[in-house]
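No lab work stands behind these numbers, since they all come straight from the coordinates. These numbers come from a predicted model, not from an experiment. Cβ sites come from the backbone with ideal geometry, for glycine too, and all protein chains shown count toward neighbours.
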Amino acid sequence: MASLTVRLPERLRKDMSKLTKVNWSAVVRDAIEERIRLEELKTTRDWDRIRRAAKLTDSIYDQMRRKYGHIEYNSAETIRYWREKQYGPT
């Protein structure tokens, strides 16, 4: 097993030493594994969820089209508008 050195403030180290029954190696190992899992979730895509969202979007669009007729809508313009509003003009 590999070893990892971590620098801690002295106060934190003293607080840790008071908790003698805690296996700090296991705590750190679990925290690192959980962080890796969370980071991997950010980069993977849930294709079933994406498909459901696309079907829902299509359904909403169809309902609007039936109610109001043909709709002139450009999603790229909407996305651009909100990005510029959030981040400023490019």
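Here are some notes:
- Residue that is surrounded by fewer than 10 Cβ atoms within 10 Å (Cβ to Cβ) and hydrophobic (A, V, I, L, M, F, W, C), where the choices are 79, 36, 71, 32: 71
- Exactly one residue out of 30, 48, 62, 58 is of a type in the set (Asp, Glu), assigned to a helix (DSSP H, G or I) and under 30 Å from residue 14 (Cβ atoms), and it is 30.
- Evaluated against (1) assigned to a loop (DSSP other than H, G, I, E, B); (2) farther than 30 Å from residue 3 by Cα, residue 53 falls short on exactly one condition, (1).
- For the stretch 65-90, filtering for residues that are part of a helix (DSSP H, G or I) and of a type in the set (A, V, I, L, M) leaves 2.
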